1. Could you list, in sequence order, all residues of segment 416-434 that are within 15 Å of Tyr484 (Cβ to Cβ) and open to solvent by 20 Å² or more (accessible area, probe 1.4 Å)?
2. For the list (1) open to solvent by 30 Å² or more (accessible area, probe 1.4 Å); (2) modelled with pLDDT of 50 or more; (3) not polar (S, T, N, Q), I need the number of the one condition that Pro58 fails.
3. Working only within segment 367-394, note down all residues that are at positive phi and either in a loop (DSSP other than H, G, I, E, B) or open to solvent by 10 Å² or more (accessible area, probe 1.4 Å) (or both).
4. Could you check segment 182-212 and list, in sequence order, the residues that are in contact with a helix residue (DSSP H, G or I) (Cβ under 9 Å, 6 or more places away or on another chain) and in contact (Cβ under 8 Å) with a residue 40 or more places away in the chain?
5. Residue check: is Glu364 open to solvent by 30 Å² or more (accessible area, probe 1.4 Å) and over 25 Å from Val480 (Cα atoms)?
6. Tell me which of these Ile48 doesn't satisfy, since it passes every other one: (1) open to solvent by 20 Å² or more (accessible area, probe 1.4 Å); (2) modelled with pLDDT of 95 or more; (3) touching an Asp or Glu at 6+ places or on another chain (Cβ under 7 Å); (4) not small (Gly, Ala, Ser).
7. With the structure loaded, tell me whether Ala594 is in contact (Cβ under 8 Å) with a residue 40 or more places away in the chain and open to solvent by 20 Å² or more (accessible area, probe 1.4 Å) or whether it fails that test.
Amino acid sequence: MMRRSPALFLPFLALPLLTPSLHAQGTKLWLQSSYEELEKGKPEGVAITSDGRLIAGPSTKLVATTPSTYVWSVASDKEGNAYVATGSPATVLRITPDGKTTRLFTSKDLSVQAVRVGPDGAVYAATLPSGKVYRLDPQAADRTEENATVVFDPAAIAEKPKYVWDMAFDAQGRLYVAAGGPAGVYRVASGGKPELFFKSDEEHIRSLAFAPDGDLIAGTDGTGLVYRIDKSGKGYVIYDAPKREITSVAVSPQGVIYAAAVGEKGHNSLPTLPVQGNVSVTATITIVQPGSVQAFNGNTVIPDGSEIEEIAANGAPRRLWSGHDDIVYALRWTPQGLVAATGNRGRIYRIEEDGTFADIAHLESSQATGFADAPQGTWVATANTGKLYLLSHGDAPEGTYTSDAFDAGVFSQWGRAEVDAAGAAPAFELYARGGNIENPERGWSEWKKVTPNDGAIGVPSARFVQWKAVLHPGAGLDSVGLNYLPVNVPPVVDEIVVQTGVRANTAGMMPQIPQPTTINFPSTQNQGGINLGQEPGKEPLPGTRDKSAVTARWAAHDDNGDDLVFTIYYRGDGEQNWQLLKDKVTDRFYTFDASTLPDGPYHLKIVASDAPSHNPGEALTAEKTSERFVVDTTPPNITGMTAKLAGGKIHVELSATDAATPIDHAEYSVDAGPWQYVEPTGHISDSLTEHYAFDAALPSPTPGQPAPVNASEHVVTVRVYDRYDNMVAAKSLIR
């Protein structure tokens, strides 16, 4: 009988054997041919298509970095100057194409939410949380709330809306203001007072755009509706989105409507936003805008992402695009396709009518928040941090794509580059570099030009590698692969645990003893009952209690990914030579009968061999020795047992001895009565030999039981256990 020794559950250290460097299981290929793989790289003037191709794309130029955290909106005048609405601090800035910045307006509000350039050349700015709209002279700098012209003031309106989200101008130059709390669209004629043009039972009107026929398209926050509002102000719901907020709408010259939707219906994930700055009152504003930058600031994955719906000119809607990890902040129709500004990864997508798309820009900000057309390109506003970029109308004359750094896992020899490309070879160039640290900017080799599909890439042997492609108009790359030969490294045996009295359950084997247990590694213990997700190969191993068995399990890995074969050895205390227990083991556990080994303390040694398939003679090995464990299948011996009557009691004396483990405990019974624990004479049971001397009371007659034939005859039975639950029993007859 055996029990687990507590000493087995201590931390283990891996002890790999060091042997000469050899090559592992043959040549491998690092291939990048899918959108998900290529997204990990850095494109500059290169577009990544949804079917996993690299093609020429528009160039992206950083024109200005503002002092503000957010640029909420951007507009452009006829000369190509940009006007940006910022938050923290709240300003309107004029930025010329060469990056010269002039501050036109500063507000005590939290932010300037929207900015537009009117047909009259004036700049219109909407602030939050006051909900006012100011008219600014683009040539007058450093205006404030005190000396700027207010054209929309919620305090002077009967409905008193709390927020302004968007603005648009109709063909007659009239300003339309999208408001919320309550939701409505207000029209402001030149020099006139605001009038309620359209009222909705939604929470907010979030986005506006005019259709070619003059109808106003409006998206809402609340239940995600898209309205078509005619010139008389009568609204008709043309689409009820499955999400709660329409962050942006755009309309093509053919009258096709595009709407970006985010957020779960009935759920607002945005926390309250404290008002900052020198405001005249102290308040807390809840911006009920699931798609706002603050709502997702700091998040890297957006729950449920975004969807873009297309509503045809005949009113039929369809899902055009969806992104699980992106939230759409702005849409813009272009002849090349619909363009979407997104966060929280700072991506810009170009989406075709068939639903295919391309990632055309990776910005150095978390969110792309707005677009504005300009003669020289498209202005792009960003948040976290507040920057202004210029996206070119056409493809860049030269674009560069730099892959992510690939980790081969071990030192490797780099071979030929395999490239599947469209266009003539001069339409692109390929470069590669390598190093032995993850950061390519720290001590890597220089970029080396590579001739695709012809000879080794010429990168020094290293653990990490990276490639770069320079694309010219007309070029396209469908896939890039680098061949490499990893140096064979020894495997590692990470951890061993040995449990006596347990037999592992294997597939198809029914447990003989219905007492299940698990064989766990020490490193997986003490997780507080919380399932943290087990590392592969370290999951609990099911087993059953079986006193005749010993089970060993181990964790091992090979950085080359080679298959491992194990050999198990044992050695007793005081011995120098290891003896073979089992070889050619492919499982990572082994159960054997305890009777295989004589009683005593032992260690197991696990030797792992990587056995590379291309040359078994080059196998590398590693080994690890277990903690000490004890095999004890022999019960103790009882000697010198005596029992005699004395003073109306039975006085019993005996000695118990075990050859392998200390005596654990003893118990006695008189005339088949209840078992009663008895201490050794020294009180503590901790030795291979223990002595016992005790008095047992004579049993009283049991009511209802027949009287004994001989009332003066008694039987005393004693059972003694060792620490592995091996038991011996002895009895003595008294008359």
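The values are calculated or read from the model by the stated rules, or taken from the named source; none is laboratory data. Small disclaimer: the values here were computed from a predicted structure and weren't measured. Neighbour counts run over all protein chains shown; Cβ positions are idealised from the backbone, glycine included. For the accessible areas, the whole protein counts, side chains as well, though only heavy atoms, and no ligand, DNA or RNA atoms are used. Shrake-Rupley method; radii C 1.70, N 1.55, O 1.52, S 1.80 Å.
1. Result: Arg416, Glu418, Arg433.
2. Tallying (1) open to solvent by 30 Å² or more (accessible area, probe 1.4 Å); (2) modelled with pLDDT of 50 or more; (3) not polar (S, T, N, Q), Pro58 fails exactly one: (1).
3. Here is the first cut: in segment 367-394, the residues at positive phi are 377, 384.
Once the filter is applied, which keeps residues that are at positive phi and either in a loop (DSSP other than H, G, I, E, B) or open to solvent by 10 Å² or more (accessible area, probe 1.4 Å) (or both), segment 367-394 yields only Asn384.
4. Initial filter on segment 182-212 (in contact with a helix residue (DSSP H, G or I) (Cβ under 9 Å, 6 or more places away or on another chain)): 193-194.
Passing the criteria: only Pro194.
5. Considered against the rule, which asks whether it is open to solvent by 30 Å² or more (accessible area, probe 1.4 Å) and over 25 Å from Val480 (Cα atoms), Glu364 comes out as yes.
6. Against the list (1) open to solvent by 20 Å² or more (accessible area, probe 1.4 Å); (2) modelled with pLDDT of 95 or more; (3) touching an Asp or Glu at 6+ places or on another chain (Cβ under 7 Å); (4) not small (Gly, Ala, Ser), Ile48 comes up short only on (1).
7. So Ala594 does not fit the description; no.
A quick yes/no check of all residues on (1) modelled with pLDDT of 90 or more; (2) within 20 Å of Gly87 (Cβ to Cβ); (3) open to solvent by less than 70 Å² (accessible area, probe 1.4 Å):
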| residue | (1), (2), (3) |
| --- | --- |
| Lys243 | yes, no, yes |
| Gln254 | yes, no, no |
| Ala261 | yes, no, yes |
| Thr272 | no, yes, no |
| Ser280 | no, yes, no |
| Val288 | no, yes, yes |
| Ser292 | no, yes, yes |
| Leu320 | yes, no, yes |
| Gly323 | yes, no, yes |
